[in-house]
Amino acid sequence: MPIQPIQMDMFDPFQVYRPAKERGDLSHYRETLTKLLSEDFDFHGENSSYATHNFHAFPAKFPPQLPKKFINALTFPGETVLDPMSGSGTAVLEAMLLGRRGIGMDIDPLALNLSRVKVTHLDPGNLIRNAESIIERALHSFQHEKRRLSKTLSIRIDPSTKKFLDYWFLEETQLEIIALVREIEVISDLDIRRFFQIALSSIIITKSGGVSMAYDLAHTRPHKIKDKIPRSAMDEFQKRLNKNLKNIGRLVWGNGQAELFFGNAQAIGLADSSVDLIITSPPYASNAIDYMRAHKFSLVWFGYTIDSLSKRRGDYIGGERISNFPMRDLPDYSERIISRLSKKDPKKGSVLRRYYTEMHLCLSEMCRVLKPGKAAILVVGSSTMRGIDTDTAKCLGEIGKTIGFDLVNIAERKLDRNKRMMPARETRVSETQIEERIHKEYIIGFFKPT
Ligand SMILES: C[S@@+](CC[C@H](N)C(=O)[O-])C[C@H]1O[C@@H](n2cnc3c(N)ncnc32)[C@H](O)[C@@H]1O
């Protein structure tokens, strides 16, 4: 399929984004926050794939309308919005589109690359020229230089990573992907190179289709389907590029800014009282969504070894490694849940303590960098461990209060499990499939007193 020319039918951003509010509107900031938290957050049926939001699947990403609502109501253009666990960068992109300064950080290399691509202004004409050249050259080497491609694989991929590839990808698919990787990596401009890497990654990490033998990668629950017929990487890459190029061509960037950096949310590299709004959604307790389990399928193609990626897994908030972890005492309600869980399973009790300990550090850092008189919004879901609900929202609300936040309210929102890319349950727990997909998550609204 040839690369299609972009239709430059630029849209008026203010048809999509509400105009900036006048300064006077925020005189009752706390009341605005209280009112916001009583509103509806379902956004079901709304378009979430505008701008660059749909460049890549990402488990538990925000519907863009959610950060947009808080950014619009609680900040002015030019102010700083932070997401310290920014994932695919939804909040940072929304901040930027709304003329704010979005700052994001994450420890996941794929999340960081993806969010950088989503906020980078790229020239569509230049991208099209590069796309045509990559596809033409990669197709040529796939059709005529298979032996050379096999050699490239054997030289650059170490034995454990190759074992992983052989289990999950057909030999032909490996050759197609490495042919594309080689053409992408010769692009000297880092931003353009990343754009193509993310397009390639997005055809690997998918729900059901995709080019590997895995099913459900987008939910971070890969399982191998032996009789799956993987799609052609060349075809999928071209289709994906056409989609992404079309979206980029229609974008009007405005004058917002975005900065994304590699960093741990437990030690935020920003000055005290420097941020106007925090909006974030932390990982689930006990690795319920295991980012690295899925992201390694893509990262191994870009120079990471499978062993180095497995080592990184332990650093994610909500990880299961507990030996030598410096645990802390927690507020009463969290202690009671941990104690109930520990009676059933002492190890799981410690895993949950680790999670709340990590989140205590994150919340302390958020409180430090936030300006007094401003809000931090956390979107969280609960996990079930050994049949016990971790009641994450209530526990984090309590922990936040011990740190110095005012807990304004905890709102609920129903979510479409499929749409927000949540892991599917292994057993059926409710009456109908539709019910099964609709679950709740919680929006915690904190206020930092002046
Ligand atoms: C629920 S996702 C965020 C999704 C995001 N709201 C979006 O719209 O794409 C949680 C993120 O936290 C990141 N994370 C886990 N541990 C972290 C840490 N210690 N510091 C920063 N980010 C971390 C994960 O890599 C993941 O991207």
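Which residue pairs have Cβ atoms closer than 7 Å, lie 6 or more positions apart in sequence or on different chains, and pair a first residue in region 307-322 that is under 15 Å from residue 347 (Cβ atoms) with a second residue that is at pLDDT below 90 and aromatic (Phe, Trp, Tyr)? From residues that are under 15 Å from residue 347 (Cβ atoms), the pairs are 318/284.
Could you please find all residues in region 44-56 being closer than 24 Å to residue 216 by Cβ, of a type outside the set (S, T, N, Q) and more than 10 Å from the ligand (Cβ to nearest atom)? Listed by number, the residues that qualify are 44, 55. Of 342, 382, 334, 350, all but one fail to be open to solvent by less than 50 Å² (accessible area, probe 1.4 Å), within 19 Å of residue 284 (Cα to Cα) and in a loop (DSSP other than H, G, I, E, B); the exception is 382.
Mind listing whichever residues of region 241-284 are of a type in the set (Phe, Trp, Tyr) and within 12 Å of the ligand (Cβ to nearest atom)?
261, 262, 284
Scan region 178-202 for residues that are open to solvent by less than 10 Å² (accessible area, probe 1.4 Å) and over 18 Å from residue 114 (Cβ atoms) and the total you get is 2.
Could you list, in sequence order, the residues of region 117-152 that are in contact with a helix residue (DSSP H, G or I) (Cβ under 6 Å, 6 or more places away or on another chain) and open to solvent by 90 Å² or more (accessible area, probe 1.4 Å)? Hit for region 117-152 is 137, nothing else.
The lone criterion from (1) within 24 Å of residue 134 (Cβ to Cβ); (2) surrounded by 21 or more Cβ atoms within 10 Å (Cβ to Cβ) left unmet by residue 284 is number (1). Among the numbered conditions (1) surrounded by fewer than 22 Cβ atoms within 10 Å (Cβ to Cβ); (2) under 23 Å from residue 239 (Cβ atoms); (3) of a type outside the set (S, T, N, Q), the only one that residue 205 does not meet is (1). Among residues that are within 14 Å of the ligand (Cβ to nearest atom), closer than 22 Å to residue 239 by Cα, outside any helix (DSSP H, G or I) and open to solvent by 10 Å² or more (accessible area, probe 1.4 Å), residue 62 is not included. Taken over region 66-96, residues that are within 14 Å of the ligand (Cβ to nearest atom) and either at pLDDT below 95 or of a type in the set (Ser, Thr, Tyr) (or both) amount to 3.
Screening residue 361 against (1) over 30 Å from residue 150 (Cα atoms); (2) out of contact with any Phe, Trp or Tyr (no Cβ under 9 Å at 6 or more places or on another chain); (3) open to solvent by less than 40 Å² (accessible area, probe 1.4 Å) leaves a single unmet condition, (3).
The values are calculated or read from the model by the stated rules, or taken from the named source; none is laboratory data. These numbers were taken from a predicted model, which means no experiment stands behind them. Note: ideal-geometry Cβ built from the backbone for every residue, glycine included; neighbour counts use all protein chains shown. The area values use the complete protein model at the heavy-atom level, side chains included, leaving out ligands, DNA and RNA. Shrake-Rupley method; radii C 1.70, N 1.55, O 1.52, S 1.80 Å.
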